[in-house]
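Following: one structure in structure tokens, then a few remarks.
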Amino acid sequence: MSINFDLLIAGCNTRCRHCYVNGGPGPMMPAELALLCIEKLDTLAALLPCETSFTMDNEPMNHPEIETIIRSAASTQHIPHYHHGMTSGIALLNRKDRDAVLQAYMECGYRDFGITIHGNAAHHDEIVRREGAYQASVDVAEYIKSRGATVGLSLMFNRFFPEDADGTDSLITRLQPSWIFFAVPNFTPHVHMAEFEPYRGTLEMLNQLRPQLERWRWPEEMRQEVCTPGMLRERIEGGLEIAELFRQPQDELYLTVHPDGNLYVGNTGAETECLGNMRTLDIRETALRISELPGNRDYTAFYDINRLPGREELLRALELLPRDLAYSDTASAIYRILAAMDVPTKIIR
């Protein structure tokens with residue numbers, strides 16, 4: 001099993017409706033605490049029996065001391081820093097020391113960055129809930145490339161994509177990204193996830209985009225993972241028992257360190273247990289506790305199997321959802337129907 005710690009050192013500049021880690025403006029982790037957390041995570045990783053990494057979120061470039069923090073993150077001995085590189089661009093463009101910050105990233109070996117696009121400027125800004133966000137993403141991509149780093153593009157599918165497809169093609173031609181990731185937004189048991197549902201695209205819309213999907217480098221095998229409520233209904237009618245899926249072991253474990261230093265099991269917004277505060281927790285005891293935890297990528301981490309609805313209840317509830325809405329996979333479709341049924345989770349609220 002692999003383990004990842006999400007270190008929340010600074011809030012985000014946007015409030016994307018589909019964000020599965022509850023991004024948005026939030027408190028800043030004090031620099032001294034961030035450095036302490038990195039040091040303790042490194043010590044903790046040395047005691048864990050499996051592959052371990054950490055990620056800094058939500059938008060590290062918001063932090064005034066990011067140069068010091070990023071250099072510390074790159075110098076660990078036992079736990080590598082997983083640099084996902086995604087940025088809204090707003091934080092970096094607002095910094096007077098942007099050249100020095102980007103240079104610090106590149107000197108530490110982090111040369112790949114990415115932006116996420118949701119369609120044309122108006123639609124993008126509406127979904128991320130910040131005016132000017134689209135232009136900031138494009139501007140930062142061009143700035144980063146001008147400084148010698150590489151830029152990728154994540155395309156977040158929604159109901160605007162068919163009408164905005166020509167504009168997306170033009171943007172790709174303009175930016176010439178080193179990679180393109182086409183994503184169907186998932187649905188997880190976060191409080192705000194229903195806010196994206198009015199924007200969710202359908203399977204029919206995806207089929208309309210087939211010529212573009214090849215140019216946008218979306219592999220055929222990933223397209224086969226998309227699941228709709230209609231497809232989920234057919235699987236349940238064919239004998240699928242969701243309780244059996246919930247009993248399957250998961251091979252990834254996610255933990256989160258909040259800006260106050262509290263360490264939780266689960267991604268931010270989907271935490272199921274607090275293990276203590278990084279300032280005071282016993283490293284050896286914490287390592288033992290983490291070693292005993294099951295994975296929590298899907299299913300069992302969030303629900304009590306004994307309280308799951310039965311087959312007939314699920315089928316009745318599925319009748320209330322549009323059949324063609326596109327979810328990233330079966331797990332997302334199941335989470336959506338459970339949310340519609342108000343099935344309780346183990347998540348700390």
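Among the listed values (1) 31.7; (2) 17.1; (3) 24.3, the one matching mean projected area of the Cα convex hull in nm² as calculated from this structure is (2). Comparing 111, 235, 17 in a Gaussian network model of the chain where C-alpha atoms under 10 Å apart are linked, the largest mean-square fluctuation is found at 235. For the stretch 143-186, the dipole from Cβ point charges (+1 on Lys and Arg, -1 on Asp and Glu) about the Cα centre works out to 280 debye, to the nearest 20. In this structure, residue 71 and residue 163 have a Cβ-Cβ separation that, at R0 = 51 Å, corresponds to a calculated FRET efficiency of about 0.70. Taking max minus min of the alpha-carbon positions on each principal axis, the stretch 1-110 gives extents of 40, 32, 23 Å, largest first. Database note for the chain: Cys without another Cys beta carbon under 4.7 angstrom, 12, 37, 50, 108, 227, 274. For the stretch 52-138, the Cα-based Rg and Dmax, in that order, read 14.1, 45 Å. Expressed as a fraction of 2.2 N^0.38 Å, the value expected for a compact globular protein of N residues, the C-alpha radius of gyration of the stretch 188-266 is 1.52. Considering only beta bridges that DSSP places wholly inside the stretch 1-113, some 0 percent are antiparallel.
Per residue, the stretch 186-273 exposes 45 Å² of accessible surface when a 1.4 Å probe is rolled over the protein heavy atoms with every protein chain present. By DSSP, what percent of the beta bridges with both residues in the chain are antiparallel, rounded to the nearest 5? Just about 25 percent of them are antiparallel.
Simple rule: put +1 on each Lys or Arg Cβ and -1 on each Asp or Glu Cβ in the chain, find the dipole, and look at 178, 157, 146; the Cα lying farthest toward the positive end is 146.
When all protein chains stay in place and ligands, DNA and RNA are ignored, the 1.4 Å accessible-area order of 345, 43, 228, largest first, is 43, 345, 228. Surface composition of the chain: carbon and sulfur atoms hold 48% of the protein heavy-atom accessible area at a 1.4 Å probe.
Work out the P(r) tail for the stretch 192-316: percent of alpha carbon pairs separated by more than 24 Å, whole number. In whole percent, the share of Cα-Cα pairs in the stretch 192-316 beyond 24 Å is 52. The protection proxy used here, the mean number of other Cβ atoms lying within 10 Å of each residue, ranks peptides 135-141, 48-54 as follows, highest first: 135-141, 48-54.
Kirkwood-type hydrodynamic radius, the stretch 270-320: 14.1 Å, calculated from all non-identical alpha-carbon pairs. The stretch 281-326 and the stretch 21-52 have Cα centres lying 25 Å from one another. Relative contact order of the chain: 21 percent, from C-alpha pairs under 8 Å at least 6 residues apart in sequence. Value of Rg to Rh for the stretch 130-257, rounded to two decimals, is 1.02; Kirkwood radius and Rg both from alpha-carbon coordinates. Projecting the Cα atoms of 78, 47, 26 onto the charge dipole of the stretch 1-82, computed from C-beta unit charges around the Cα centre, puts 26 farthest toward the positive end. The helix-based estimate of mean residue ellipticity at 222 nm for the chain, built from -39,500 (n - 2.57) per DSSP H run of four or more residues and divided by its residue count, is -11000 deg cm²/dmol to the nearest 500.
Here the stretch 140-251 is assigned +1 on the Cβ of each Lys and Arg and -1 on the Cβ of each Asp and Glu. Its dipole about the Cα centre then comes out at about 420 debye. Charge dipole (Cα centre; +1 on Lys/Arg Cβ, -1 on Asp/Glu Cβ; no other charges) of the chain amounts to roughly 300 debye.
Calculated accessible area for the stretch 1-73 comes out at 36 Å² per residue, all protein chains present (probe 1.4 Å; ligands, DNA, RNA ignored).
The values are calculated or read from the model by the stated rules, or taken from the named source; none is laboratory data. All figures in this text were calculated on a predicted structure; none of them were measured in a lab. A quick note on method: Cβ atoms are made from the backbone with ideal geometry, for glycine too, and the neighbour counts reach across all protein chains shown. For the accessible areas, the whole protein counts, side chains as well, though only heavy atoms, and no ligand, DNA or RNA atoms are used. Shrake-Rupley method; radii C 1.70, N 1.55, O 1.52, S 1.80 Å.
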